[in-house]
Amino acid sequence: MNLLEISDLVIDHDPVTHERRPVPREAVVARLAAAGDRRGARIAATLPCAPDGTLDPDAVDRRLVAVHTELQRLSEELRTGDRITALLRPLLDALRAGGHGRIRIVDVGCGLGYLVRWLAASGALGATAAGATGADVPGADGTRADGVELIGMDFNAALVAEAARLARAEDLPCRFERGDAFAIGGGDAGGGAAATVYVSTGVLHHFRGPDLDAFFAAHSAPGTAAFVHYDIAVTPLAPIGAQVFHRARMRDPLGRHDGIVSARRAHDDATLLRAARHAEGLVPLLYEPRRLSNPFCTTLRPVIGVRPELRGPLRAALGPRLTGTAG
């Protein structure tokens, strides 16, 4: 079966302009049916549409915001913020020791921005910047704007708007922009240099084949020092665990469907390491590879890329659970 997530099909953006294009509901239903996913087709057939048969964009946006709100609860339960902080702290220590001043962290495909907001609220990475202007504006914890700049980026305007609203409501020193995270240095999100560190959670499995290679190749900008991308771990129990977990935690049928499919689409370690080698100038690494992990407990696995000079300090901080590239 060609595994498809409904959320990937109900929104379409022009690959050049990134503008949103109408999506015929029957086309979504037909793709899912052709893939042998009758349950997904039934869920898609219930989505509201306009008289011309295209999906109602406002209804789709409300549904995706609701689904991502449930995903945020899962991120809290899985302690996603703590997981990524455990890697970012030693990485940022190495960057600072190497002379980096302001460090820009960009969350690719940020959704509702849970990770960025968690990092901003916790102050776990040190000083935070309130925006992109470079002014000495105190952060929420009183630190000044000469530390870590936190930015979340996503193509979905509704998710970005909700992420920004939540950040304002929580008075957090971070920002959210709609657009291509890898074009941030070109002005799509306020200009400035490329990200120092790219991060993501639950994004990699959306890319397949050449698209996965291209995703990692986009990290090759000279100003990028590292990436840390978390995605679903591939274990024999992952699909079963995902089915039990999402049925117990997700109320929305669309969210349940996509969560279960995500686990079945996840890439294994060898695939990720091969693709990560397309990030020119960065050394791909794995942390807690599958052979060292308990398949009952492991839910997320990071693939990491660093400039060669950062590999030694990071290995010293993380120990033998950080492994090198595949052949």
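Which one is modelled with the highest pLDDT, of the residues in segment 229-264 that are part of a helix (DSSP H, G or I) and in contact with a strand residue (DSSP E or B) (Cβ under 8 Å, 6 or more places away or on another chain)?
Within segment 229-264, the match that is modelled with the highest pLDDT is Ser262.
For the structure I just gave you, tell me whether Phe155 is surrounded by fewer than 16 Cβ atoms within 10 Å (Cβ to Cβ), at pLDDT 50 or above and touching a His at 6+ places or on another chain (Cβ under 8 Å). Even if it seems obvious, please write down each step before you answer.
Details: surrounded by fewer than 16 Cβ atoms within 10 Å (Cβ to Cβ): yes; at pLDDT 50 or above: yes; touching a His at 6+ places or on another chain (Cβ under 8 Å): yes.
So Phe155 passes the test.
Just give me the residues in segment 113-128 being out of contact with any Cys (no Cβ under 8 Å at 6 or more places or on another chain) and crowded, with 24+ Cβ neighbours inside 10 Å, in sequence order.
The answer is Tyr114, Leu115.
Give the residue, chosen from Arg79, Arg102, Arg73, that is surrounded by fewer than 23 Cβ atoms within 10 Å (Cβ to Cβ), under 25 Å from Asp180 (Cα atoms) and either modelled with pLDDT under 90 or not assigned by TED's automatic domain parsing to the domain that holds Arg311 (or both). So that I can check it myself, show each step before the final result.
On the way: Arg79 fails: under 25 Å from Asp180 (Cα atoms); Arg73 fails: under 25 Å from Asp180 (Cα atoms).
Exactly one residue qualifies, and that residue is Arg102.
Does segment 21-30 contain any residue that is modelled with pLDDT of 95 or more and in a strand (DSSP E or B)?
Within segment 21-30, the first condition is being modelled with pLDDT of 95 or more, and the residues that meet it are 21-30.
Cutting the leftovers down to in a strand (DSSP E or B) gives us 21, 24.
Yes: segment 21-30 contains one or more residues that are modelled with pLDDT of 95 or more and in a strand (DSSP E or B).
The values are calculated or read from the model by the stated rules, or taken from the named source; none is laboratory data. If you're wondering where the values come from, they're calculated on a predicted model, not measured in any experiment. Note that we place each Cβ from the backbone using ideal geometry, even for glycine, and neighbour counts take in every protein chain shown.
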